[in-house]
Each structure stands twice: as structure tokens, then as C-alpha cells.
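Right, one structure below, let's go through it.
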Amino acid sequence: MLTINKAIIINNNDNNIIIVDMAELGQLVSPLQLHSDLDRGDGQVTYHLSGDGAMSVFTIDEGTGDIHATRRLDREQQASYVLRAQVRDRVGQLLLEPESQFTIRVQDINDNAPRFLDGPYAARVPERAPAGTSVLMVTATDADDPTYGTAAQIVYSLLQGGPYFTVDPNTGVVRTALPDLDRETRDRYQLVVQAQDLLGRRGALSGTTAVTVTLTDVNDNPPRFPRRNYRFSIPESVPAPAVVARIKAVDPDLGQNAEVEYRVLDGDGPGTFRVLTDPNTQEGLLMLLKGLDFEVQSSYLLRVEASNRQTETRFLLAGPFNDEVLVQLQVEDEDESPVFSESVHHLSVSEDAPVGTSVGAVSAHDPDRSNSPIRYSIDRKSDIGGFFDIDSSSGTIRTSRFLDREVRVQHNITIIAMETSDPSHAGSVLVLVSVTDVNDNPPSFGAESRTSVCEDVRPGQVVGILSAVDPDDPEDGHHFLFSLPAGSDANLSFSLTDNGDNTASVLALQPGLRLRDRPVHLVAVVIADSGRPSLSSTNTLTVSVCRCGRHGNHCSPDEPHHVAVATAAVLTGLLTFLGVAMVTAAVRSRRQQQVEDEERDAQENFACYDDEGGGEEDTKAFNMAALRHLDRPDPTGGSADPEARKPQLLKANLDPTAPPADWNGGGSAAGSVCSISSISSMSSPGPAEPDQNFSFLMTWASRFWRLTDLYEPRGVEPEEDS
């Protein structure tokens with residue numbers, strides 16, 4: 001049977017051996033020794049150890065069975081070890097007894113100090129919090145065995161932070177110790193909390209942690225002005241609205257608790273000033289709401305209050321949460337510019353007003369006590385056309401030119417008023433002059449004054465609709481009256497019906513109109529307006545008669561058919577003449593070029609020889625360009641007056657033997673102006689012009705008439721003369 005220190009080891013898991021965890025290296029554990037009943041001390045029995053920590057933490061002497069520790073044991077690392085023991089024969093290593101299992105449990109000692117795993121700590125608590133207000137709870141842990149003695153039982157204490165705070169020794173809860181902690185006096189506290197094991201007895205181990213407590217702000221302070229009164233100077237020319245002064249009430253609180261509201265309780269000039277709060281600086285902005293006038297009031301005294309936007313009831317008992325201050329404002333006198341009685345003047349004048357008509361007057365005054373005289377003028381940049389003048393003393397505005405409402409309905413002019421003693425002080429005002437309308441323009445056609453009608457028009461058929469325009473602008477709108485003048489030839493063919501909506505219808509009276517007899521009718525129409533006096537104008541409506549298709553389609557309102565054909569024929573003839581003229585010019589240009597080439601050759605080969613000279617070196621070419629014609633006398637005897645030539649011209653025109661007008665005479669240096677002097681010259685070239693033959697023009701006649709046929713509309717039979 002196997003025993004440990006005379007204790008029988010049964011083959012189960014209930015064999016516990018307790019040893020102290022601080023056993024020294026190599027020392028017998030408790031002491032611990034295995035022994036078998038089969039061991040007679042002759043060395044034939046050996047002991048063997050296996051399991052947790054065998055051969056690493058624990059070793060065994062094979063001969064004696066003594067168990068030794070190879071290192072110090074620490075319960076916090078491993079609290080127990082399960083080992084198995086064997087007894088064998090030394091020679092054959094045969095197992096002499098069944099294997100036995102036993103457990104070694106390490107007994108704890110106080111070798112671990114308490115530790116604050118979550119430290120250091122930070123906490124916040126409102127200022128003025130009542131005594132005993134919980135701030136936070138600190139917690140320390142001890143790695144020792146809590147079931148063995150008091151090694152893991154902890155108590156808390158405050159090493160630093162009193163008398164402002166306390167800590168519960170059992171729970172570690174930190175609380176305020178005083179009721180009136182003031183953030184404005186001290187806003188942060190550093191605490192040191194200690195934790196001890198063994199319930200704080202002698203030999204206890206301890207640990208500490210730091211706790212930072214910050215006081216948060218409450219609205220426990222009212223705003224206060226650092227002074228009892230303020231004094232400011234303000235120029236009277238400051239434009240309103242404007243900030244003219246700044247005051248500030250100091251509140252030591254933070255954030256919303258320090259937000260201040262300002263207001264004017266009472267004072268001079270109600271409605272003249274207002275106090276606003278600058279959201280960034282919490283200053284009171286004294287704002288001017290209306291313009292100042294030194295001559296009216298030279299100083300103002302205001303009583304201004306400052307108060308918190310938010311308050312806490314528990315602090316109101318300590319006193320009022322507002323403050324008051326007196327603000328004195330002194331207005332500084334300045335030399336002001338003239339001021340007009342109105343900011344904008346509205347005047348009107350009729351467009352038929354004669355030059356010099358009074359339109360109205362403006363008035364300005366010097367607001368200073370000196371009350372300097374005022375001189376008026378017009379800013380010519382606003383009246384470039386020079387339509388108005390102004391009396392420099394009275395400010396009366398008059399017309400200087402005729403006005404026309406149809407050209408410009410309103411004139412915007414700027415009037416300048418300046419002090420006579422100091423022209424640099426000047427004011428201005430805008431004057432709007434409206435030009436009222438008079439009936440000075442007659443109405444006229446509002447659309448194209450042309451229309452067309454078919455030959456087979458029926459009586460009463462509408463030929464066209466007339467409308468009118470009038471640049472005038474009557475108050476009750478336009479009302480036009482259309483009529484045909486009496487005695488007009490057009491009254492036999494057309495009539496006019498007023499539609500009552502400022503339009504009129506032109507109607508045909510005859511059952512048919514003949515294009516051949518009268519292709520165009522000019523209808524005079526009288527248009528009158530409703531003005532007083534009424535104005536009228538006579539307008540001409542051009543009615544073109546045209547042929548219509550067999551299906552009754554209206555023709556285009558262009559020119560009649562035969563007029564278009566005639567126009568095309570004229571254009572064709574003109575193009576033909578231009579073509580002939582261009583051909584003739586080209587031929588003459590070629591002939592002239594040949595003559596110039598011959599003259600140039602002659603010039604280069606013409607030389608002047610001087611027999612008295614030195615020979616060939618004195619020979620020089622003669623420049624033909626230096627030759628010129630002599631001036632010819634005027635054939636009329638020197639008279640250049642056209643009236644003096646009329647008798648000769650008339651006589652020449654009546655002379656039956658005179659040559660054609662395009663012939664300049666046989667001896668003319670330029671030759672005939674036109675070679676087509678007769679029909680015979682077209683068939684055969686003359687002796688003077690052997691290279692010109694215009695016989696081909698005789699074949700153009702048939703082509704010309706074929707061209708005119710192209711303008712004849714198809715499907716329309718020509719009418720026979722009656």
C-alpha cells in the first residue's frame with residue numbers, strides 16, 4: 001500500500017495535500033514523501049511521478065520517494081496540481097502496486113496588493129451641490145484568495161482631497177463633503193484614494209489611484225456692470241440704423257448661464273435707441289434707430305438694464321439677477337448738407353407746353369443753425385437733352401425745349417442744392433417729370449396697305465380688313481373711325497364697313513373686276529381718332545386685280561400677271577444689252593493691247609543719231625511716252641456754258657442728214673463708240689472692223705419670245721378683246 005507521510009493514498013481523486021505556496025526551491029513540500037509497504041529499504045523499489053508539473057515543478061527521489069519543488073509556487077498562477085504516483089521493481093520496472101492519484105493544493109498567503117484597474121478616474125459634479133452628493137465610485141481588486149482569511153478584503157480611504165470630499169471605506173463611493181463648492185473660486189480638485197487589504201490591519205498591502213473632480217457651472221452669478229455710468233459722443237451725421245456705442249455687463253458663469261439681455265428701461269428720445277446683444281462677446285450694442293439733429297436735441301440720457309436669459313429659482317433668493325447703468329450720449333454738431341423737403345418729387349407737364357412753362361418747384365433748407373442760403377442747379381448728366389431749366393434761387397423748374405410724349409414719356413432729372421457759403425456741402429433729390437399726352441398724332445394703317453382680289457369677285461365679298469395705329473395714348477383708349485372720301489373713283493367698286501373694334505372691312509360693290517381694264521385700284525381711306533380735337537389722315541389701300549384658278553383659288557397678292565411678264569421682259573432685255581456690251585469691250589480691249597505692243601516695239605527700236613557726236617556711245621533710245629498731243633481749241637469757241645450749246649444741239653437733232661448719235665466721225669482718234677450703227681453692220685463686218693461680226697444677234701429674237709412664254713401661267717386662256 002502506498003502512503004504519503006503515513007497517509008494511505010487511495011486510488012481516487014479525493015487525496016488532497018495542502019502546501020504553502022511560498023515553498024523554497026528544492027525544499028521538501030510540507031515535507032512530502034511517498035512510501036510503499038513493499039519497500040524493505042534494500043533499494044529494489046523505485047518511485048515514479050507523473051501528471052501536472054511532474055519533472056517541471058515537482059521532482060521525486062526514485063530511491064526514497066521524497067518529493068521536491070523546483071521553483072517557488074504561486075497560487076495566483078496555479079492553485080492545484082493533480083499528480084500520479086507509481087511503485088516499480090528496479091530490475092524489471094514492473095509495476096508493484098496500482099497507480100495512485102493525489103492532488104496538491106497551494107495554500108494562499110497575502111502576497112498581492114489591491115489594484116485599481118480602471119484608474120485614474122475623472123468625474124464632474126455641479127458647483128453648489130449639497131454635501132453628500134455622490135461624485136463617483138472607485139473599485140480596487142485583490143488577486144489573493146478571498147476565501148482564505150482577510151488577504152482579499154479591502155477598505156478605502158482618502159489620502160488627498162479633504163475636507164472637500166470623502167470616500168466610503170467599504171463601497172469606494174466618493175462624495176462631496178462641503179455644500180458650497182464654487183466653480184468661480186476653484187473649478188478642479190485632485191483626489192488620491194487608497195485601497196488596503198487585510199481590512200487595513202497591520203501588514204496590509206495597499207494601492208492608490210488619482211481622481212480628478214471638475215465642478216460644472218450653474219447660473220449662480222448675476223451680470224454686473226463694472227461702472228455705474230457711461231458717456232459717449234456721437235456725430236449727428238451718423239446714418240441710421242447704426243451701432244454708436246458698446247457696453248458690457250460681466251457674468252462669471254459659462255455658456256448659456258452667462259448669456260445677457262440688454263434693454264432700455266427709460267430715457268430721452270423714446271424710439272431713438274435700442275440695445276442688442278452681440279452673441280459672440282455678450283456686449284450690449286447701442287443702436288441708433290433714427291437720425292440725430294444737434295439743433296433739435298444735443299444730448300440723450302438712457303437707463304439700461306442687463307439680465308440673464310436663464311435663471312435658477314434657488315439662487316434668486318440671494319438677490320436680484322440684473323443690473324442697471326446710466327448711459328449719456330452727447331451729439332456732436334456738424335456742418336450738414338442741404339436737405340430737401342421730399343425724398344422724391346413727382347411732377348407732370350403736357351407735351352404741348354410751350355418753352356418756359358413752369359413744371360413745379362423743389363425746396364431745400366440748411367439744417368444747421370447758420371441756415372445758409374441755398375442755390376439750385378440741374379445735374380446735366382440726368383438731363384443730357386437740356387429739356388429743363390431751374391431757377392437757382394426759387395427752385396422753380398421750367399421747360400427749355402419742346403417735349404414729345406411719343407419720344408419720351410418720363411424724364412428723370414437730379415436737382416442739386418448747395419450752400420452758397422460752402423458749395424462743398426450739397427444735397428440732391430430725384431425729380432420724376434411725367435409728360436402727359438395730347439392728341440397730336442393722326443392714326444394710320446396698322447398693317448400692310450396692300451391686298452388682292454380675283455376678277456370674278458362677288459358683290460359684298462370682303463376684300464380686306466383694315467386696322468389702325470396711333471402713337472397717342474388717350475385715357476379712355478383708342479377709338480378709330482374708318483370712311484371713304486366722297487367723290488373718289490374707288491367708291492364705284494368698293495365700300496367700307498366699320499366693324500366697331502377699331503377695324504374696318506373693305507367690300508366689293510361690282511360683280512366682277514377686269515384685269516385688262518384696270519389691274520390696280522387705289523382706294524383712299526380716311527381714318528379719324530376720338531381725340532379732342534379729332535385728327536384724321538387719308539391712307540391709300542392698293543388693291544391688285546388678278547386671275548384666279550379654275551377652282552376659285554385666290555392668287556398671290558403680288559403684281560398682276562401681265563405686269564410680271566413685262567418686268568421679266570425688261571430684265572431679259574437689260575441682261576442682253578449688258579452681254580453685248582461686255583463682248584464688245586473684250587474685243588476692243590484685245591485690239592488695243594495689240595496696238596500698244598506694236599507701239600512699245602517701235603519705241604524700243606527708235607533711236608536718235610547725232611552725226612556730230614562721238615559715235616555709238618552717244619546713241620540713246622527715244623521715249624515715246626514723252627510725246628503728247630497738242631491742246632485742241634474748243635470747237636464752240638471756248639464757251640463751256642451748257643445754255644450756250646442748246647441752239648446747236650437742237651439744230652443737230654433736227655438735221656436729217658446727221659450721222660447716228662453713237663458715231664464720232666471717220667477721223668476720230670477713238671473711232672466709233674458703237675459698231676452696231678445699222679442692221680447691215682450686224683450681218684457683215686465693215687472694212688474698218690474686219691474681225692467683228694454681230695450677225696448672231698439676229699437669232700436671239702425667237703429665244704427672247706420663248707423666254708416670255710415661260711411666264712405665261714398654264715391653264716389660263718387669254719381673253720379676247722371685245
Can you pull out the residues in region 508-523 that are assigned to a strand (DSSP E or B) and surrounded by 16 or more Cβ atoms within 10 Å (Cβ to Cβ)? Ala508, His521, Val523
Taking the residues in region 351-369 that are of a type in the set (Gly, Ala, Ser) and surrounded by 11 or more Cβ atoms within 10 Å (Cβ to Cβ) as candidates, determine which candidate is nearest to Ser428 (Cα to Cα). Ala364
All positions within region 180-204 that are touching a Leu at 6+ places or on another chain (Cβ under 9 Å), surrounded by 17 or more Cβ atoms within 10 Å (Cβ to Cβ) and not aromatic (Phe, Trp, Tyr): Leu181, Arg183, Leu191, Val193, Gln194, Gln196, Asp197, Leu198, Ala204
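This table checks each residue for (1) under 30 Å from Gly477 (Cβ atoms); (2) over 44 Å from the mean Cα position of the chain (by Cα); (3) of a type in the set (Val, Ile, Thr); (4) not assigned by the TED database to the domain that holds Glu295.
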| site | (1), (2), (3), (4) |
| --- | --- |
| Pro354 | yes, yes, no, yes |
| His365 | no, no, no, yes |
| Phe388 | no, no, no, yes |
| Arg408 | yes, no, no, yes |
| Pro423 | no, no, no, yes |
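Each row is one residue, and each column tells you yes or no for (1) in contact with a Cys (Cβ under 9 Å, 6 or more places away or on another chain); (2) under 18 Å from Ser299 (Cα atoms); (3) surrounded by 14 or more Cβ atoms within 10 Å (Cβ to Cβ).
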site: Phe225; (1), (2), (3): no, no, yes
site: Arg228; (1), (2), (3): no, no, no
site: Ser233; (1), (2), (3): no, yes, no
site: Glu236; (1), (2), (3): no, yes, yes
site: Val244; (1), (2), (3): no, yes, yes
site: Asp251; (1), (2), (3): no, no, yes
site: Val260; (1), (2), (3): no, no, yes
site: Val264; (1), (2), (3): no, yes, yes
Got at least one residue in region 294-313 being over 46 Å from the mean Cα position of the chain (by Cα), more than 18 Å from Gly267 (Cβ to Cβ), without any contact (Cβ under 8 Å) to a residue 24 or more places away in the chain and not in a strand (DSSP E or B)? yes
Is region 297-304 home to any residue that is surrounded by fewer than 17 Cβ atoms within 10 Å (Cβ to Cβ), in the same structural domain as Ile247 (by the TED database) and over 16 Å from Leu286 (Cα atoms)? yes
Among the numbered criteria (1) buried (at least 19 other Cβ atoms within 10 Å of the Cβ); (2) out of contact with any Ser or Thr (no Cβ under 9 Å at 6 or more places or on another chain), which one does Thr150 miss? (1)
Out of all the residues in region 119-139, which are part of a loop (DSSP other than H, G, I, E, B) and either assigned by the TED database to the domain that holds Arg75 or touching a Leu at 6+ places or on another chain (Cβ under 8 Å) (or both)? Glu127, Arg128, Ala129, Ala131, Thr139
Sole miss for Pro485 among (1) exposed (fewer than 13 other Cβ atoms within 10 Å of the Cβ); (2) over 13 Å from Asn539 (Cα atoms); (3) in contact with a helix residue (DSSP H, G or I) (Cβ under 9 Å, 6 or more places away or on another chain) is condition (2)
Here the residues within region 407-443 that are surrounded by 15 or more Cβ atoms within 10 Å (Cβ to Cβ), more than 26 Å from Val339 (Cα to Cα) and not β-branched (Val, Ile, Thr) are Asp437, Asn439, Asn441, Pro442, Pro443
Pick out the one residue from Ser233, Ser237 that is under 20 Å from Leu289 (Cβ atoms) and assigned to a strand (DSSP E or B). Ser233
Give the residues of region 451-469 that are in contact with a strand residue (DSSP E or B) (Cβ under 8 Å, 6 or more places away or on another chain) and either assigned to a loop (DSSP other than H, G, I, E, B) or surrounded by fewer than 14 Cβ atoms within 10 Å (Cβ to Cβ) (or both), sorted by residue number. Glu455, Val457, Arg458, Pro459, Gly460, Gln461, Val462, Ile465
Return a yes/no flag: does region 367-381 have any residue that is touching a strand residue (DSSP E or B) at 6+ places or on another chain (Cβ under 7 Å) and among the aliphatic types (A, V, I, L, M). yes
Filtering region 361-408 for residues that are part of a strand (DSSP E or B) and touching a residue at least 60 places away in the same chain (Cβ under 8 Å) leaves a count of 1
Could you tell me which residue of region 108-164 is farthest from Val213 (Cα to Cα), considering only residues that are among the β-branched types (Val, Ile, Thr) and in contact (Cβ under 8 Å) with a residue 40 or more places away in the chain? Ile109
So, in region 279-293, exactly how many residues are touching a residue at least 24 places away in the same chain (Cβ under 8 Å), part of a loop (DSSP other than H, G, I, E, B) and farther than 25 Å from Pro338 by Cα? 3
Which residue out of Asp266, Asp253 is out of contact with any His (no Cβ under 6 Å at 6 or more places or on another chain), in a strand (DSSP E or B) and in contact (Cβ under 8 Å) with a residue 24 or more places away in the chain? Asp266
If we scan region 177-197, do we find a residue that is aliphatic (A, V, I, L, M) and under 30 Å from Gly291 (Cα atoms)? no
When you scan region 83-104, how many residues do you find that are hydrophobic (A, V, I, L, M, F, W, C) and without any contact (Cβ under 8 Å) to a residue 40 or more places away in the chain? 3
Counting just the residues of region 59-87 that are in contact with a His (Cβ under 8 Å, 6 or more places away or on another chain) and surrounded by fewer than 17 Cβ atoms within 10 Å (Cβ to Cβ), which one comes out farthest from Gln44 (Cα to Cα)? Thr59
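The values are calculated or read from the model by the stated rules, or taken from the named source; none is laboratory data. Here the structure is a predicted model, which is why all the values come from computation and not from measurement. Cβ coordinates were reconstructed from backbone atoms using ideal geometry, including for glycine residues, and neighbour counts include every protein chain displayed.
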